[in-house]
Amino acid sequence: MEMTGKQRILYRQGSGFWRMTAKWALFFGALSLLDGGLLRSWGHAVIWPMVGILLWVPFGIGVFWYPKKDQRIELTASELRVRRKRLPMEKVNLLHVAHLWLEGRSTADAEPVSAWTPSDRWVWVPLRDGRAFMLEFRDPAAFAKVFGAFAVAACGGPDIVRARAAAETYPDPRPVRPNRSTEESGSWLYLLDAFE
């Protein structure tokens, strides 16, 4: 866990920019070593770093990284941040998150979190008004574990969660797509990649 100002960061996921850049450099560096050490000469091998630099912006950034730039996510006790947008925890249905976590689930499908593999996967965030928005994670099980444990603690513990979930009724979260007209207003909901 980290501290940002006075807030403790429970979970953080970067946008993957430096990870992509490192993989890009490693790939073209390996091509250069292969070409210079095994195939041709080192004079020919220097062309690969130059090719990598020329292709880095249009393909490395434009094709591989830019579509996933919204994966920069931070979770604190008071809000969920996606890039520079913030969702207050007061809008999140933490009881539903906690109830799902106690059942070993945290997403719209029936596969338990323990069976998830560390790969890009969508995890939903249910809101109090019944909507549910999806966020993409490179290690979804790690986020689900932190988010679920936080929700259980925020709701008073496992016994209280089970009792409240059995007594309370709330709308089943329904995945929705935000209205594109909210782009001009800077809505946090417009930022998220939701589905219908």
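Tabulated results
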read-out	value
Count of residues meeting criterion [open to solvent by less than 50 Å² (accessible area, probe 1.4 Å), touching a residue at least 40 places away in the same chain (Cβ under 8 Å) and in a strand (DSSP E or B)] in the stretch 80-91	3
Qualifying residue in the stretch 129-152 (condition: at pLDDT 85 or above and in a loop (DSSP other than H, G, I, E, B))	no
Matching residues in the stretch 96-110 - criterion: being crowded, with 20+ Cβ neighbours inside 10 Å and either modelled with pLDDT under 75 or under 14 Å from the mean Cα position of the chain (by Cα) (or both)	SER106
Options PRO118, PRO67: the member that is open to solvent by 40 Å² or more (accessible area, probe 1.4 Å), at pLDDT below 85, assigned to a loop (DSSP other than H, G, I, E, B) and within 17 Å of GLY14 (Cβ to Cβ)	PRO118
Test result for ARG8, open to solvent by 80 Å² or more (accessible area, probe 1.4 Å), at negative phi and under 16 Å from the mean Cα position of the chain (by Cα)	no
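Here is a yes/no grid of residues against (1) under 28 Å from PHE137 (Cβ atoms); (2) hydrophobic (A, V, I, L, M, F, W, C); (3) modelled with pLDDT of 85 or more:
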| position | (1), (2), (3) |
| --- | --- |
| THR21 | yes, no, no |
| PHE27 | yes, yes, yes |
| GLY43 | no, no, no |
| ILE47 | no, yes, no |
| ILE61 | yes, yes, no |
| VAL82 | yes, yes, no |
| LEU94 | yes, yes, yes |
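The values are calculated or read from the model by the stated rules, or taken from the named source; none is laboratory data. Quick caveat, the model's predicted, so the values are computed rather than measured. With ideal geometry, Cβ positions are generated from the backbone for all residues, glycine too; neighbour counts draw on all protein chains shown. Calculation scope for accessible area: heavy atoms of the full protein, side chains included, ligands and nucleic acids excluded. Shrake-Rupley method; radii C 1.70, N 1.55, O 1.52, S 1.80 Å.
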